[in-house]
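Only one structure is covered here, and it is reproduced in the block below.
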Amino acid sequence: MVETARRREIEDIASALFRERGYAGTSVRDIARAMDIQGASLYSHVASKQDVLRAIVERMATRFEHAADEALGALAGRAAPDPTERLIALVRSHAAVVTEDLERATVFVHEWRSLEPDSRARIARRRDAYERRFRSVIADGVASGAFADLDPAVAAAFILTALNGLVAWYRPDGRLAPGQVGSLYAALAIRAVTATGAST
């Protein structure tokens with residue numbers, strides 16, 4: 001997909017509408033009206049509403065993946081970064097993506113299942129692969145004794161569910177800056193996986 005300023009504007013406006021009304025509750029006409037153009041003009045830039053949703057979701061999937069890779073890559077120069085450092089890095093990177101682009105993140109979290117089957121299956125595979133980053137770090141922590149004896153899959157799902165829940169309450173103009181949110185969630189995640197009795 002060739003990026004253009006107009007295409008980016010369409011995605012910005014569609015993200016805001018999808019977040020406010022949901023994908024099903026938003027029409028191509030709504031997007032065109034918000035841009036103050038005719039529906040026919042919109043179709044000169046996008047193939048369909050589904051095309052716009054797919055672009056938004058795929059863009060965000062890539063952002064989450066790259067952020068996680070960069071966060072872990074930044075630790076690679078250190079001598080054997082421990083699971084705690086790696087989990088903190090993953091949690092902070094995920095929180096940063098959500099808080100930096102709240103509208104698209106909301107669409108990614110809530111509307112990816114509205115994709116057509118092939119696209120939905122592709123995103124599901126990417127989400128699973130992304131979650132495995134968290135599972136792997138947690139499993140390493142359990143194996144090394146840094147974390148409590150818990151199920152890495154359940155712990156990863158718990159942490160990611162909490163992180164994705166940011167889209168429901170975080171506000172850019174609220175009392176917490178994005179970096180503060182990431183640090184707070186990282187501290188809570190570490191407490192969750194290291195607390196005595198976490199496996200009971």
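Largest first, how would His45, His94, His110 line up by accessible area (1.4 Å probe)?
Details: His45 75, His94 5, His110 110 Å².
Reading off the accessible areas and sorting them downward yields His110, His45, His94.
Accessible surface computed residue by residue for the chain, with neighbouring protein chains in place and a 1.4 Å probe, gives 51 Å² per residue. If you model the chain as an ellipsoid using its alpha carbon gyration tensor, with each semi-axis the square root of five times an eigenvalue, the axes come out at 36, 16, 15 Å, biggest first.
To test your reading of the geometry: what angle, between 0 and 90 degrees and rounded to tens, separates the Cα axis of helix 102-111 from the longest principal axis of the chain? Approximately 90 degrees, to the nearest 10. On C-alpha positions alone, give me the angle between the axis of helix 178-194 and the longest principal axis of the chain, in degrees, nearest 10. Here the helix axis deviates by roughly 40 degrees. Computed over protein heavy atoms with a 1.4 Å probe, the carbon and sulfur contribution to the accessible area of the range 87-190 reaches 54%. Taking the C-alpha atoms only, the angle from helix 5-21 to the longest principal axis of the chain is near 70 degrees.
Legend: translational diffusion of the range 79-133 by Stokes-Einstein, Rh = Kirkwood radius over C-alpha pairs, 25 °C, 0.890 mPa s; D = 190 µm²/s. Put Leu184, Leu90 in order of accessible area, highest first, and with a 1.4 Å probe you get Leu184, Leu90.
Between Val28 and Leu176, take the C-beta separation as r, use R0 = 25 Å, and let me know the FRET efficiency to the nearest 0.05. Show your work: numbers first, answer last.
Values: r = 36 Å, r/R0 = 1.44.
Computed FRET efficiency for Val28 and Leu176 comes out at 0.10.
Sorted from longest to shortest, the spans of the Cα atoms of the range 81-200 along the three principal axes equal 41, 39, 27 Å. GNM, the chain, Cα, under 10 Å: largest mean-square fluctuation among Asp173, Asp140, Asp118? Of the options given, Asp173 has the highest mean-square fluctuation.
The values are calculated or read from the model by the stated rules, or taken from the named source; none is laboratory data. All values derive from a computational prediction rather than experimental measurement. Don't worry about glycine lacking a Cβ; one is built from the backbone with ideal geometry, like all the others, and counts go over all protein chains shown. Remember, those area values only see protein heavy atoms, side chains included, never the ligands or the DNA or RNA. Shrake-Rupley method; radii C 1.70, N 1.55, O 1.52, S 1.80 Å.
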